[in-house]
1. Sequence-distant or interchain residues sharing an amide H contact under 5 Å with residue 273, placed H: which?
2. Placing one identical point scatterer on every Cα of the chain and ignoring solvent, what is log10 I(q)/I(0) from the Debye formula at q = 0.06, 0.12 Å⁻¹?
3. Give me a comma-separated list of calculated 3J(HN,Hα) values for the range 133-148, in order, Karplus coefficients 6.51, -1.76, 1.60 applied at θ = phi - 60°, integers in Hz, x for any Gly or Pro.
4. Give the calculated FRET efficiency between residue 184 and residue 205 to the nearest 0.05, with a Förster radius of 22 Å applied to their Cβ-Cβ distance.
5. Can you tell me what share of the DSSP beta bridges in the chain is antiparallel? A percent to the nearest 5 is fine.
6. Arranged from highest to lowest average of other beta-carbon atoms within 10 Å per residue, in what order do the peptides 191-202, 64-75 appear?
7. Net charge around residue 48, counting only other residues with Cβ within less than 14 Å of its Cβ (Lys, Arg = +1; Asp, Glu = -1)?
8. For residue 79, which sequence-distant residues (separation of 5 or more, or a different chain) have an amide H within less than 5 Å of its own amide H, given hydrogens modelled in the peptide plane?
Amino acid sequence: MPQDAPDRRTIEAVIALATRAPSIHNTQPWRWAIGDSSVHLFADPERALPTTDPDGRDLLISCGAALHHLRVGFAALGWATVVHRLPNPAEPDHLAAVTFIARQATADDIALAAAIPHRRTDRRRFSSWPVPAAMVDVLAERASCEGVVAVAAEDPRDRFRLTAAITMAAWQQGMDAAYSAELAAWAGRGYAAVDGVPAANTPSTPVRHGDVTMRTFPDGALDAPPAASEEDSGELLVLATTADDRVSRLRAGEALSAVLLAATDFRLATCPLSQPIDFGPTRDALREDVLDGIAFPQIVLRVGWVPVGGEPLPATPRRPTAEVLGGYPSVKAPHLGGTR
Ligand SMILES: Cc1cc2nc3c(=O)[nH]c(=O)nc-3n(C[C@H](O)[C@H](O)[C@H](O)COP(=O)(O)O)c2cc1C
């Protein structure tokens, strides 16, 4: 590989780091290809969830999160990235072509990359300590750098509308046998699994934290903490875009990753909540009632502090890097270099 791009071992190491990104039900719906001086991200439609995610929104958000993790990994190693999103209209699964410019890593680049292995989806109760407004502002700023707005549901009316939508969507999906079957196929995984949501990371009983109904996963094994003596002060952020096309969803995933990594760097706990967006009527209600009809909601994020004494959560598994590399004989973007 020429000097104007990282060598193959470095690229494979950064792809391995990128696969630590969150994904809907830990489906990891991505594939990667390495070109002469480029890296390419593809959606893997075989890992789609047609019932849970009928629009393929969560799949694109998951891939966008992996793309941002990749950018962060390269930045920390002294490579700024130039990203061409959806570079080939004839191949819609080709989500991004990434090329490189050598550039000194900043302390921020290194802090974000260091946050990747520590980030977890945390579905437990959060403490009563509020998230400081200054931190919420920084998280919103991170999203806006990715072209995405992060709206904190601070106004009690907005909070009520948002939590009502979350509850309504969870109830509707819970009534849907096909949704439950799809969830059961991806949840309750044991230690040998390489994908899906491990039992160890999901509560053993249905959970509601204050006014927020969490997604209920079957066969959970995460014990609920003793009865809450304190209120849960988790903050809710809605990530939204000005359009609802595929590139906007990919960008929403990049913003999700940017917010999650910044939050992890602050030692905040986080949990994405996609149910109110996946269910059409509540998605429309959020757009009209919380976003005043001017932006499209893409995902909700719960952010807060782990209560004192809260145990670290185990890392969820990932497929081996070799399994997500290759499988695309040619990258049809010749100006960006062929695969090898
Ligand atoms: C687009 C998207 C939607 C998600 N939706 C939910 C959700 O509604 N509820 C939930 O508990 N976790 C949700 N998650 C978190 C995933 O389940 C989690 O990322 C995955 O199991 C891997 O675990 P990790 O984040 O701890 O690495 C979502 C993640 C993504 C990227």
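1. HN-HN under 5 Å from residue 273: 300, 301, 302.
2. Relative scattering, expressed as log10 I(q)/I(0), comes to -0.20, -0.82.
3. Using θ = phi - 60°, the values come out as 4, 5, 6, 4, 4, 5, 4, 5, 5, 4, 5, 5, 4, 9, x, 10 Hz.
4. Efficiency computed from Cβ-Cβ geometry: 0.85.
5. That works out to approximately 90 percent antiparallel.
6. Peptide ranking by packing, descending: 64-75, 191-202.
7. Charge balance in the 14 Å sphere: -4.
8. For residue 79, the qualifying residues are 103.
Here, each number is a calculation from the coordinates, and none is a lab measurement. Every value quoted in this text rests on a predicted model; they were computed, and no experiment measured them. Cβ atoms come from the backbone with ideal geometry, glycine included; neighbour counts cover every protein chain shown.
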